[in-house]
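The values are calculated or read from the model by the stated rules, or taken from the named source; none is laboratory data. What you see is a predicted model; the values in this text were computed from it and never measured. Neighbour counts are summed over all protein chains in view; Cβ atoms, including those assigned to glycine, are modelled from backbone coordinates with ideal geometry. Surface areas here come from the heavy atoms of the whole protein model, side chains and all, with no ligands, DNA or RNA. Shrake-Rupley method; radii C 1.70, N 1.55, O 1.52, S 1.80 Å.
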Amino acid sequence: MLFGIEWNTANDWVFAWSILPILLRGLVVTIEATLLGFVVGAALGLVLAALKSVRIRLISWPARVFTEFLRDTPLLVQLFFLYYVLPEYGLVLPAFLTGALALGVQYSAYMSEVYRAGLESITRGQTEAARALDISPLRTFTVIILPQAIPRIVPALGNYLVSIMKDVPVLSVVSILEMLNVARIIGDRSFNYMVPLTLVGALYLILTLIASAGVRILDERLPKRGIPLH
Amino acid sequence: MDWLSYLNPLMEGAWVTIRLALYSTLLGAVFSFLFGIGRLSRSLPCRWTSIALIEVFRGTSLLVQLFWLFFALPVLGQALGMDLRLPPVVAGTLALSLNIGAYGAEVVRGAIQAVPRSQHEAAKALDFTPRQTMWRIAIPQAIPEMMPSFCNLAVQNLKDTALVSLIGLGDLAFQAERVRNFTQDSVGVYTLLLLMYFGMALVLAGLMRLLETHVGRWRARGV
Amino acid sequence: ADLDAIRDRGTLRVAVANEIPYGYMDLKGEAKGVGPDVAKHIAKALGIGKIEWTTTAFGSLIPGLQADRYDMVAAEMAILPQRCKQVLYSEPNSSYGEGLLVAKGNPKNLHGYESFANSGGKIAIMAGADQLEILQALKVPADRIVTIANNADAISTVTTGRADGYAATSLTVGELAAKSKGKTEVASDFKDPVVDGQAVRSWGGFAFSKDSGALRDAVNKELAKFKKTDDWKKIMSGYGFSAEDASQSFERSTAQLCAG
Amino acid sequence: MDQVVKRFGDATVLDHLDFQVAKGEKVTIIGPSGSGKSTVLRILMTLETIDEGLIHVAGKPLWHEYRDGRPVPASESHLRAMRKEMGMVFQQFNLFPHMTVRRNVTESPVHVLGLSKAEADRRAHEYLDLVGMIDHADKFPSQLSGGQQQRVAIARALAMRPNIMLFDEPTSALDPELVGEVLTVIRRLSEEHDLTMLLVTHEMEFARQISDRVCFFDKGVVVEQAPPEIMFTEPREDRTREFLKTFIDTRQGG
Amino acid sequence: MDQVVKRFGDATVLDHLDFQVAKGEKVTIIGPSGSGKSTVLRILMTLETIDEGLIHVAGKPLWHEYRDGRPVPASESHLRAMRKEMGMVFQQFNLFPHMTVRRNVTESPVHVLGLSKAEADRRAHEYLDLVGMIDHADKFPSQLSGGQQQRVAIARALAMRPNIMLFDEPTSALDPELVGEVLTVIRRLSEEHDLTMLLVTHEMEFARQISDRVCFFDKGVVVEQAPPEIMFTEPREDRTREFLKTFIDTRQGG
Ligand SMILES: Nc1ncnc2c1ncn2[C@@H]1O[C@H](COP(=O)(O)OP(=O)(O)OP(=O)(O)O)[C@@H](O)[C@H]1O
Ligand SMILES: Nc1ncnc2c1ncn2[C@@H]1O[C@H](COP(=O)(O)OP(=O)(O)OP(=O)(O)O)[C@@H](O)[C@H]1O
Ligand SMILES: [Mg+2]
Ligand SMILES: [Mg+2]
């Protein structure tokens, strides 16, 4: 029994059917963690990208090393670090927030590169033309640069959304009841790992196929008339 | 601080991690070529098997795959009357390398397809068989093209080895958990752990870059 | 696993779950705890020269046994009816009661598991441990149960308030409280949880896979001999088991426990 | 421009350059590649800073302001005011690819000059008509040929009603058959409007027709300047003669 | 080639083409761009399929085999056997960039013809010497000039000992100063070896010197063919005359 739902171990099919509602509870947590992690990553990534592009070495260089550091260390260890070390300095976040933060931190490194590449692909000529027309720097960024960068950035970010989703099971180690953890608990108690784990795999496959299709549709819907993408 | 006392078990774990990363990267490269070339194959069963494997391993979470291989596969084996109880090292290596293989397959495929048509024509004019053209002309030219992506995959894989600690393999992350269990010194252990992974990743990336220049030396210009 | 095959090999493969003081690896990689210490004596008595130790998560102990990754679990795993369906147990090696780890000063004034059935507080347990059954029997709702991966995480879970208490055996709780350097403590005046009209007490033993009857019988024979010695008592008290815990371990047989 | 010095790292690109253009004058700058022609225009457009010297545009210092009678580096608001005097046309057009032709032309009048949408549209109509692109107002730049894009770029610059127009090789990124249409527009501009024009080009014949004066640049200094009739027929300096000679040789031969 | 038709989609590129080359003959094909010159060579090399018609090489049908006296489409093994007759030199050289010069030349003799490594090396030495590239045998193609690469490509084709050599504009991707060295090699080849040669080129002077016959192609048919002395001085057809005229005009002018 989990979440007040009993399971039935009569045979594998019945068992699978009876634990599906429980796994779907875990699925909701998985999706929540994915979305929150994505938002955190997208925001932190933007900050990192901005810091890296600052022309003062004393700022851009540490930002660059930090990004590399985040990219090169395992999510699992970063998660443990945030979960067990931050509290020692008085910063206690609920497990779920810690997990989403860890996902966000890890992916901010990747996403900052996406922003950088997206912005750099826009030629210097665009900024200069804007300047020659006396368009303010803020408006240059928001009206000239961003609309051209977004169609390049969004699909790449979308792909990371799918990756984040696949990394959520790592959060099970800090007691977050996402799908895999739920499946393991069922396995631990029913001594049948095959059914719940296979179900989780199948659910993941469906989930990523849907998410990838969603990203593709979003990509097609983006306003990018006239923007040369290559 | 008694950081020094951590070093021994951590080093032991690091050695496991290094070997695991090495094996799974090598095996992963093999899978990459197998799936990647399989996808380009003219035989339908070959192509569809490759596509299915690629989609399954890209579409599900590595940790799920790891647990499945470790916990679920033996049960399936029992049902089939086979002994599929993989030791942790094997399950870990297999999950990691199948993952690299699925991602690497796309890299391999893209690089092979990027070999200009004129090279295939030149080979045909010299009467190479299609297979010889693939193995002697297309693939060797595609390899340098693949290297940057493989470098990223290798680093990603190194990080992913940390997950095998969750099926009880005594790698770096596992040993760190053990030490922390004992000392309750989260700050020290995890800081050390992050730095060790970072260091290993830097070394790995450096080695991959050396390899990249080596396999791509024919591209170098200048007399 | 087959006893003869193990004798031929000369190596007994034993798993523990990193739980002080039941079974764990110290920093040097040496197995310690009640389970391992007793297992070492038994192996010697059985004429098996070498023990190969494995550490795994508590929840993986039984699956590992079923997958033949080791011959025996020496984690003082509680002998419970539903587990008896999965594995073979030796006769009890130890007995222990329940305990509760709480933050320093016990700010929420907790003295038993029952509190969590009524209050809004959260209680942590280790994944795969039998406290889940106890809590479910006490009608503690699932959203108040926090599952952690291993004992070592309990201190930080409790001190940071991610859970208000950690439910484990009294020995584990005592050990954790000592290690936390004053940040946590054992809940005082602990009321043993009562399930089906009986105070909960656990009996721990060695576990084997279903096809290891011969090994189990051999271990039982040596265990019975060893439990009569002072060495056994010394091991028990050395790891903090009370005389009560030791004498209670003779009170039940595995057959009784498995029957429920 | 007085004694202007511009350096990129170690390289001195403009070397104590002195150079004047009168109001309404049409000046063409010629010179070998790397001689600093673009740099002069870019400095005027405040796309590059200067290292030494003084520049005045329409009587006011460009890179400096006077505070208490002493020149201090110009503030951004001063630069913005000065940029209003000038419009620039780039070699690579630099249209905004995600905006229609019309929005390319109205964007700045609306958001910088504060014109109403309707007023800006009227202005866009006027200048797109002038460059013969009024029929393409709703297309995106990627749907236009290079010559058409450049004509839109000219209209975009004009829509700010600058007093000075800067052209940096406006035709050299174009296929030969498209050069004519852009030059025709520029010629019309020079004839019908009272603009000050500063033009970098390699189209010598065109330069001869429209300029009041031709300047020959080399290594960051003005080597020679003269009305086109004199410049192209009897240049004073050896370097000029040599440049014109090789230039005409390779071009006419091709 | 009898009545050969080749289409790409809707476009008919070769239109019932008839065309013969005798053993040992040296034939040059000229014609405007897109007239199907390359296509003819590529069909002979079996790089393109044909839609209609028959082709015989060395007396045997190229794209067909006879089974029970009736022509059926050729099998891959038949095509492979036929390809052994021919060697081809491409406009873009198409050397294998990841192999040294020597391996470029030995690869196919070893793995296709089954020669021993030593034997293939000896052969490579022979032909690299012929094209004057023996000193560069251990370099990679990227370390060579275009002319040198083309000479290696010729050696590579020769190392298969073909009876027929096909050259598709072997010099048009080369800088003018490198054309000579390649033509010299081809000329030597035509003089010293008893090869049948089919050459597409725009080097009229060269064509005149080495060919036994010149063919003028246009729109997928042979418009005119004649020995070079006649072809270049008194062509029969108007189209030929026109082509040669514009050709010589633009070329000699450049
Ligand atoms: N951003 C820059 N950083 C460094 N050097 C630069 C930069 N921009 C221009 N230069 C150098 O300044 C010199 C003058 O450049 P400029 O573009 O003004 O030449 P130009 O006369 O316009 O040449 P061209 O006819 O090729 O356009 C050149 O040597 C160039 O390399
Ligand atoms: N793979 C292809 N797909 C479609 N059309 C093609 C293909 N290859 C060639 N063509 C067309 O066939 C026609 C003849 O091409 P071919 O390359 O034989 O001309 P050519 O005489 O060699 O011209 P050039 O002097 O430019 O090399 C051209 O119109 C070309 O566009
Ligand atoms: Mg310039
Ligand atoms: Mg051709």
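In table form, for the structure just shown:
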item	result
Residues being out of contact with any Ser or Thr (no Cβ under 8 Å at 6 or more places or on another chain) and either within 11 Å of another protein chain (Cβ to nearest Cβ) or under 19 Å from A:PHE96 (Cβ atoms) (or both) - total across the range C:140-152	7
Conditions (1) modelled with pLDDT under 85; (2) within 30 Å of D:PRO235 (Cβ to Cβ): number failed by D:VAL27	(1)
Filter pass, C:VAL186 being within 30 Å of C:THR160 (Cβ to Cβ), touching a residue at least 60 places away in the same chain (Cβ under 8 Å) and among the β-branched types (Val, Ile, Thr)	yes
The range B:164-177, subset open to solvent by less than 30 Å² (accessible area, probe 1.4 Å) and at the interface with another protein chain (Cβ under 7 Å from one of its Cβ atoms), residue farthest from B:THR93 (Cα to Cα)	B:ALA173
Residue in the range A:46-61 that is free of Cβ contacts under 8 Å to residues at least 12 places away in the same chain, over 25 Å from A:PRO169 (Cβ atoms) and open to solvent by less than 20 Å² (accessible area, probe 1.4 Å) present	yes
Single residue of the range D:32-49 satisfying the filter (within 6 Å of ligand 1 (Cβ to nearest atom) and in contact with a Phe, Trp or Tyr (Cβ under 7 Å, 6 or more places away or on another chain)) that is farthest from the other protein chains (Cβ to nearest Cβ)	D:SER35
Near pairs, Cβ below 9 angstrom, 6+ apart or cross-chain, from the range B:137-161 (more than 9 Å from chain A (Cβ to nearest Cβ) and among the charged types (D, E, K, R)) to any residue that is surrounded by fewer than 21 Cβ atoms within 10 Å (Cβ to Cβ) and assigned to a helix (DSSP H, G or I)	B:GLU145/B:GLY110
Of residues in the range B:178-192 being within 11 Å of chain A (Cβ to nearest Cβ) and open to solvent by less than 30 Å² (accessible area, probe 1.4 Å), the one farthest from C:GLY23 (Cα to Cα)	B:LEU192
Residue list for the range C:118-138, restricted to those being away from chain A (no Cβ under 13 Å), modelled with pLDDT under 85 and part of a helix (DSSP H, G or I)	C:ASN118
Among the candidates E:LEU17, E:LEU47, residue that is under 30 Å from E:ALA137 (Cβ atoms) and within 15 Å of ligand 2 (Cβ to nearest atom)	E:LEU47
Residue in the range C:206-229 that is without any contact (Cβ under 8 Å) to a residue 40 or more places away in the chain, basic (Lys, Arg) and not in a strand (DSSP E or B) present	yes
Verdict on D:GLU191 being under 30 Å from D:SER116 (Cα atoms), more than 16 Å from ligand 2 (Cβ to nearest atom) and away from every other protein chain (no Cβ under 14 Å)	yes
Hits in the range D:15-41 (condition: open to solvent by 30 Å² or more (accessible area, probe 1.4 Å) and not hydroxyl-bearing (Ser, Thr, Tyr))	D:ASP15, D:HIS16, D:ASP18, D:GLN20, D:VAL21, D:ALA22, D:LYS23, D:GLU25, D:PRO32, D:GLY34
Elements of type strands (runs of 3 or more DSSP E) contained in the range E:58-138, each with 2 or more residues being touching a residue at least 40 places away in the same chain (Cβ under 8 Å) and within 14 Å of chain B (Cβ to nearest Cβ)	E:86-89
Some residue of the range D:71-91 being over 15 Å from A:ARG131 (Cβ atoms) and either at pLDDT 85 or above or within 16 Å of ligand 2 (Cβ to nearest atom) (or both)	yes
Selected residue (only one of D:ILE164, D:ILE154 is open to solvent by 10 Å² or more (accessible area, probe 1.4 Å) and touching a residue at least 40 places away in the same chain (Cβ under 8 Å))	D:ILE164
Of all residues making up the range C:86-112, the number that are crowded, with 22+ Cβ neighbours inside 10 Å and charged (D, E, K, R)	2
Residue list for the range C:106-143, restricted to those being within 17 Å of C:LEU80 (Cα to Cα), out of contact with any Lys or Arg (no Cβ under 8 Å at 6 or more places or on another chain) and free of Cβ contacts under 8 Å to residues at least 24 places away in the same chain	C:GLN136
Exclusive hit being over 20 Å from B:VAL189 (Cβ atoms), touching a Gly at 6+ places or on another chain (Cβ under 9 Å), within 14 Å of another protein chain (Cβ to nearest Cβ) and at pLDDT 90 or above, set A:GLY41, A:GLY37	A:GLY37
Positions within the range D:190-210 being modelled with pLDDT of 90 or more and not in a strand (DSSP E or B), in sequence order	none
Residues (open to solvent by 20 Å² or more (accessible area, probe 1.4 Å), among the β-branched types (Val, Ile, Thr) and either more than 9 Å from every other protein chain (Cβ to nearest Cβ) or assigned to a helix (DSSP H, G or I) (or both)) located in the range A:62-98	A:VAL65
Subset tally (residues that are farther than 24 Å from D:ALA226 by Cβ, within 14 Å of ligand 3 (Cβ to nearest atom) and among the charged types (D, E, K, R)) for the range D:24-57	2
Condition met for B:LEU73 (surrounded by fewer than 23 Cβ atoms within 10 Å (Cβ to Cβ) and in contact (Cβ under 8 Å) with a residue 40 or more places away in the chain)	no
Helices (runs of 4 or more DSSP H) completely within the range C:1-68 that count 3 or more residues being within 11 Å of chain B (Cβ to nearest Cβ)	C:61-66
The range D:204-229, residues that are under 23 Å from D:ALA157 (Cβ atoms) and either in contact with a strand residue (DSSP E or B) (Cβ under 9 Å, 6 or more places away or on another chain) or within 16 Å of ligand 2 (Cβ to nearest atom) (or both)	D:PHE206, D:ALA207, D:ILE210, D:SER211, D:ASP212, D:ARG213, D:VAL214, D:CYS215, D:PHE217
Matching option when the condition is at pLDDT below 95 and buried (at least 20 other Cβ atoms within 10 Å of the Cβ), among A:ILE5, A:ILE19	A:ILE19
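Yes/no per residue for (1) touching a helix residue (DSSP H, G or I) at 6+ places or on another chain (Cβ under 8 Å); (2) within 14 Å of chain D (Cβ to nearest Cβ); (3) assigned to a helix (DSSP H, G or I); (4) open to solvent by less than 20 Å² (accessible area, probe 1.4 Å):
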site	(1), (2), (3), (4)
A:GLY158	yes, no, yes, yes
A:LEU161	yes, no, yes, no
A:ILE164	yes, no, yes, yes
A:ILE206	no, no, yes, no
A:GLY214	yes, no, yes, no
